Amino acid sequence: MTGLQAPPTTTGRQTPPGVEWSTEADVRAERRLDRSGWEPDGIPEAVAFPRTPEEVQQILREATLSRTPVVPRGAGTALTGASAAGTGTIVLDLSRMDRIVEIRPADGVAIVEPGVVTAELDRAAGAYGLSYAPDPASLAVSTIGGNIATNAGGLRCAKYGVTRDAVLGLDVVLASGERISTGRATLKGVAGYDLTGLFVGSEGTLGVVVGATLRLRPLPEPTATIAASYPDITTAAAASVALAEARIQPVLAELLDEATLNAIDPALRAAGAALLIVQTDGGPDEAARALEVLTKGATTIRSATDPASLLAARRQALPAIERLGRPLIEDIAVPRSRLAEAVREIETIAARHEVPICTLAHAGDGNVHPIIVAGRHGEPIPASAHRAADDIFALALRLGGTVTGEHGIGVLKKAWLRRELGDLSLDLHHQIKALFDPHGILNPGKALA
Ligand SMILES: Cc1cc2nc3c(=O)[nH]c(=O)nc-3n(C[C@H](O)[C@H](O)[C@H](O)COP(=O)(O)OP(=O)(O)OC[C@H]3O[C@@H](n4cnc5c(N)ncnc54)[C@H](O)[C@@H]3O)c2cc1C
């Protein structure tokens with residue numbers, strides 16, 4: 001039924017005229033899951049493909065009247081169940097609102113629709129010598145709307161900030177169908193409460209982003225990429241902390257443990273049991289100082305001006321781990337100074353529960369991805385994998401960190417939210433949700449415990 005004007009959904013509900021819809025089973029099934037592996041009951045009732053903010057308004061007005069749950073969706077790459085949609089829901093697929101409306105080089109801002117693919121914006125900004133800094137590893141497919149709703153991070157966020165740092169203003173359709181603008185198009189501005197910040201990371205539960213004003217930065221020019229191997233992950237993590245202590249701010253600092261190196265290529269392991277890849281863009285002096293710091297305790301060290309060769313191992317990590325079995329990609333963050341402790345403890349957790357864990361970290365900002373290899377693809381996840389994940393979350397909180405550094409809560413981490421936030425804070429979250437979405441139609445059951 002794609003493209004029909006106002007087809008009835010599978011339950012016979014009328015859909016707003018003029019909006020493109022599909023009730024085809026395969027179209028609905030394609031948008032049932034995200035990349036977390038979490039499966040909702042059933043499949044969504046219909047998929048709407050709005051092309052304008054006015055169409056999003058129409059859909060939400062109707063959804064509020066009929067009390068229909070709506071799941072906003074960009075590219076569906078969430079790793080938490082946040083964009084999964086089950087029985088009785090309507091998927092609001094924003095991928096066709098994909099225009100880069102304007103790039104204003106003199107102001108350092110871009111105005112975009114939510115379905116713009118992250119890498120496309122960065123590429124378009126590049127034509128002006130600018131960049132869109134937040135670079136999740138999914139950037140070739142993820143959308144700006146999804147990035148905003150998850151406050152996505154990435155490799156170069158260590159120096160240039162996460163999505164929240166790049167969002168200056170938003171155009172948002174509320175559950176009622178009303179439309180508001182938050183923030184501004186200036187680099188400074190403090191009028192009113194920070195509603196922009198509130199929407200960033202709210203996982204589609206407070207409103208639907210239909211436009212964004214984003215900050216662009218001068219294109220960083222990497223001056224050096226250094227790959228340092230170490231005898232163990234603790235020494236490698238300590239080396240990344242030593243960089244911070246030496247007041248060196250790398251663009252990226254990626255840490256790979258022994259299990260990850262073995263998964264990619266056992267030959268990589270021969271150079272040392274842990275690899276730290278660091279990129280700087282602060283000129284030759286900073287690069288030389290970084291090399292000096294990283295050399296201490298390293299078993300081998302390589303430096304190149306061509307980053308591609310040294311970053312290849314990092315890019316290959318996830319596909320290599322996926323070849324070992326079903327990956328549960330966890331995502332904690334700890335204060336940078338506790339990184340070595342965190343990765344050491346994760347090794348202990350893997351041994352205690354007898355589950356393989358491959359650890360990757362954005363070491364520059366203390367964001368650790370322990371990837372639990374949870375049995376074979378397509379088979380049920382063993383209880384030991386869940387127990388290991390629980391121990392990892394408890395570890396994050398014990399070290400003064402958080403149960404999610406960049407992927408969000410979705411469905412999978414709801415049980416841990418109360419432990420991190422506390423009762424009073426979580427109750428305030430529910431009050432805020434009720435204020436924006438009194439009938440609970442926006443992505444219900446996600447992001448809040
Ligand atoms: C291989 C791989 C690598 C990844 N690497 C990273 C990484 O390095 N860093 C990182 O942070 N994440 C990473 N992720 C997770 C994921 O890509 C990010 O969370 C991304 O921001 C999701 O974008 P999306 O367009 O796919 O959003 P979706 O998955 O479609 O949606 C994510 C959330 O946003 C909501 N949403 C989507 N669009 C809107 C909108 N317009 N308005 C309101 N709510 C909306 C959805 O309801 C959902 O709650 C990775 C995922 C994969 C599969």
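Applying the set (1) more than 8 Å from the ligand (Cβ to nearest atom); (2) at pLDDT below 95 to Ala137 leaves exactly one unmet item: (1).
Run down Ala78, Ala125, Ala110 and say which single residue is touching a helix residue (DSSP H, G or I) at 6+ places or on another chain (Cβ under 7 Å), in contact (Cβ under 8 Å) with a residue 24 or more places away in the chain and either within 16 Å of Ala212 (Cβ to Cβ) or surrounded by fewer than 23 Cβ atoms within 10 Å (Cβ to Cβ) (or both).
Every option except Ala110 fails the conditions.
Filtering region 94-132 down to residues that are assigned to a loop (DSSP other than H, G, I, E, B) and within 19 Å of Arg184 (Cα to Cα), which residue is farthest from the ligand (Cβ to nearest atom)? The residue in question is Ala106.
Given the residues Gly410, Gly366, Gly405, which is the only one that is within 13 Å of the ligand (Cβ to nearest atom), on the phi > 0 side of the Ramachandran plot, of a type outside the set (Lys, Arg) and within 19 Å of the chain's Cα centre (by Cα)? Result: Gly410 is the single residue among Gly410, Gly366, Gly405 that is within 13 Å of the ligand (Cβ to nearest atom), on the phi > 0 side of the Ramachandran plot, of a type outside the set (Lys, Arg) and within 19 Å of the chain's Cα centre (by Cα).
With respect to Ser337, determine if the residue is polar (S, T, N, Q), surrounded by fewer than 16 Cβ atoms within 10 Å (Cβ to Cβ) and within 30 Å of Phe393 (Cα to Cα). First the steps, then the outcome.
Details: polar (S, T, N, Q): yes; surrounded by fewer than 16 Cβ atoms within 10 Å (Cβ to Cβ): yes; within 30 Å of Phe393 (Cα to Cα): yes.
Judged against the criteria, Ser337 is a match.
Of the residues Gly207, Gly201, only one is within 9 Å of the ligand (Cβ to nearest atom), touching a residue at least 60 places away in the same chain (Cβ under 8 Å), crowded, with 18+ Cβ neighbours inside 10 Å and in the same structural domain as Val112 (by TED's automatic domain parsing); which?
Values: Gly201 fails: within 9 Å of the ligand (Cβ to nearest atom).
The unique qualifying residue is Gly207.
Only a single criterion out of (1) in contact with a strand residue (DSSP E or B) (Cβ under 6 Å, 6 or more places away or on another chain); (2) more than 13 Å from the ligand (Cβ to nearest atom); (3) hydroxyl-bearing (Ser, Thr, Tyr); (4) not assigned by TED's automatic domain parsing to the domain that holds Ile332 is not satisfied by Ser229, namely (4). Selection of region 71-89 for residues being under 15 Å from Trp21 (Cα atoms) and near the ligand (Cβ under 9 Å from one of its atoms) yields Val71, Pro72, Arg73.
Within region 141-151, is even one residue more than 8 Å from the ligand (Cβ to nearest atom) and surrounded by fewer than 24 Cβ atoms within 10 Å (Cβ to Cβ)? No - not one qualifying residue is present in region 141-151.
A quick yes/no check of all residues on (1) in the same structural domain as Phe199 (by TED's automatic domain parsing); (2) among the basic types (Lys, Arg); (3) under 18 Å from Gly201 (Cα atoms):
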| residue | (1), (2), (3) |
| --- | --- |
| Leu412 | no, no, yes |
| Leu417 | no, no, yes |
| Asp423 | no, no, no |
| Ala434 | no, no, yes |
| Asn443 | no, no, yes |
| Lys446 | no, yes, yes |
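Could you tell me which residue of region 232-249 is farthest from the ligand (Cβ to nearest atom), considering only residues that are touching an Asp or Glu at 6+ places or on another chain (Cβ under 9 Å) and farther than 22 Å from Pro370 by Cα? So the residue we want is Ala246.
Quick check, is Ile346 farther than 14 Å from Leu318 by Cβ and either buried (at least 18 other Cβ atoms within 10 Å of the Cβ) or touching a residue at least 24 places away in the same chain (Cβ under 8 Å) (or both)? In short, yes. Say whether the condition of being more than 10 Å from the ligand (Cβ to nearest atom) and free of Cβ contacts under 8 Å to residues at least 12 places away in the same chain is met by at least one residue in region 156-178. No, region 156-178 contains no residue that is more than 10 Å from the ligand (Cβ to nearest atom) and free of Cβ contacts under 8 Å to residues at least 12 places away in the same chain.
Take region 396-432 and flag every residue that is small (Gly, Ala, Ser), buried (at least 18 other Cβ atoms within 10 Å of the Cβ) and part of a loop (DSSP other than H, G, I, E, B). Lay out the reasoning, then the answer.
Restricting attention to region 396-432, the residues satisfying the condition of being small (Gly, Ala, Ser) are 396, 400-401, 405, 408, 410, 415, 422, 425.
From the residues that got through so far, the ones that are buried (at least 18 other Cβ atoms within 10 Å of the Cβ) too are 396, 401, 405, 408, 410.
Scanning region 396-432 gives Gly401, Gly405, Gly408, Gly410.
Can Asp232 be described as more than 22 Å from the chain's Cα centre (by Cα), farther than 28 Å from Glu354 by Cα and of a type in the set (Asp, Glu)? I'd like the intermediate steps shown before the answer.
Numbers: more than 22 Å from the chain's Cα centre (by Cα): yes; farther than 28 Å from Glu354 by Cα: no; of a type in the set (Asp, Glu): yes.
Taking the combined requirement at face value, the residue does not satisfy it.
Scanning region 214-228 for residues that are closer than 16 Å to Ile301 by Cα and of a type outside the set (Ser, Thr, Tyr), we see that the one that is surrounded by the fewest Cβ atoms within 10 Å (Cβ to Cβ) is Ala224.
Considering only region 324-367, state which residues are part of a helix (DSSP H, G or I) and of a type in the set (S, T, N, Q). Don't jump to the end; show me each part of the working.
Of region 324-367, the ones part of a helix (DSSP H, G or I) are 324, 336-353, 363-365.
If the condition is that a residue be part of a helix (DSSP H, G or I) and of a type in the set (S, T, N, Q), then Ser337, Thr348 are the ones that fit.
Going through (1) closer than 25 Å to Thr89 by Cα; (2) touching a residue at least 24 places away in the same chain (Cβ under 8 Å); (3) surrounded by fewer than 14 Cβ atoms within 10 Å (Cβ to Cβ) one by one, Leu435 falls short only on (2).
The values are calculated or read from the model by the stated rules, or taken from the named source; none is laboratory data. Treat the numbers as computed from the prediction; the structure is a model and nothing was measured. Every residue, glycine as well, gets a Cβ built from its backbone with ideal geometry; the counts of neighbours run over all protein chains shown.
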